[in-house]
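Novice: If you scroll down you'll find the structure; I have some questions about it.
Here, each number is a calculation from the coordinates, and none is a lab measurement. The shown structure was predicted, so the numbers you read here are calculated from the model rather than taken from an experiment. When we count neighbours, we look across all protein chains shown, and the Cβ atoms used for this are built from the backbone with ideal geometry, even at glycine.
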Amino acid sequence: MIRIIPILLAILYALAMYRFSAWRTARELDAKSTPLVDPKLNDMSAKMAKALDLPRIKVHLYEIEPVNGLAAPDGRIFITRGFYNKFRQGAVTAEELASVIAHELGHVALGHSRRRMIDFSGQNALRTALAMVLGRLIPGIGVWIASGLTSLLAARLSRNDEYEADAYAAALLTKAGIGIGPQISLFEKLDALSQSGGNRPPAWLLSHPKTEERIEKLRQMQLRWDG
């Protein structure tokens, strides 16, 4: 019984973290976001809504500077102020920003956004349990090993989600008449976007697949569908 106590504690910790993280995320987004109203972007959203047989697609403007898109656990789609500013400055086109919205819609439709919150809590629980066990077996470095293993797991899950969301977005953009081209051209601009942000990669690239690999997969899809 004593041996499973760390595991039980980790499960309880995961449940508490999930509840707290969901509450904190919703509160942060509610406090710092407003509906995104822009004629050009509304036109892009209307095309995608029609392709999905939806009355409309609501997009919210998240008032933070990092260039990013976000799918919340409750299904809402957000574009950051930093990303929207790139669009207004002409660095990003309406079609390219639409590809970000389509990508985030993919995360919602495929259940990634809600699962990520659960995964995050589960990873914390796993990290805690492993740290307790390995800390006893390998004093001093057990905690570091536990952290490394859970980080590798998180990165793998994130990469798979990104490939799936890329494919969903490509299909949606094609059906909406926007095409995969803007999705590819946006990926090709990522280096420039990151340089303008102080030589730091855009937030969505953390734990994500290599940009070149994502572009190649999109081009393969484009060739298959065009052919």
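Novice: For T25 and K58 in the same chain, what is the full-extension length gain: residue separation times 0.36 nm, less their Cα-Cα distance, in nm?
Specialist: Numbers: separation 33, 0.36 × 33 = 11.88 nm, distance 1.83 nm.
This chain segment gains 10.1 nm when fully extended.
Novice: First check a/c for the range 20-86, with a ≥ b ≥ c the square roots of the eigenvalues of its C-alpha gyration tensor; if it is under 1.5, answer rounded, and if not, answer prolate when a/b is larger than b/c or oblate otherwise.
Specialist: On the way: a/c = 2.52, a/b = 1.40, b/c = 1.80.
Because a/c hits 1.5 or more and a/b fails to exceed b/c, the range 20-86 counts as oblate.
Novice: Longer than 27 Å from Cα to Cα, which of K58/K210; K32/K210; K47/K210; K32/K217; K58/K175 are they? Say none if no pair is. Don't skip to the end; give the middle numbers.
Specialist: Details: K58/K210 29 Å; K32/K210 30 Å; K47/K210 29 Å; K32/K217 35 Å; K58/K175 19 Å.
As for pairs spanning more than 27 Å Cα to Cα, those are K58/K210; K32/K210; K47/K210; K32/K217.
Novice: Would you calculate the separation in nanometres between label points at N85 and A46, each defined as 7 Å from the Cα along the Cα-to-beta-carbon direction?
Specialist: 2.9 nm
Novice: Under a plain spin-label model, where a point goes 7 Å from the Cα along Cα-to-Cβ, how far apart in nm are E164 and A192?
Specialist: Each label point lies 7 Å from its Cα, and together they span 3.3 nm.
Novice: Which of the listed residues, L70, V108, A98, is farthest toward the dipole's positive end in the range 25-113, when Lys, Arg count +1 and Asp, Glu count -1 at the beta-carbon?
Specialist: Of the options given, the answer is A98.
Novice: Grab the Cα-Cα distance for K210 and K32, subtract it from 0.36 nm times how many residues apart they are, and report the gain in nm with one decimal.
Specialist: Details: separation 178, 0.36 × 178 = 64.08 nm, distance 3.03 nm.
Taking 0.36 nm per residue and subtracting the Cα distance, the gain is 61.0 nm.
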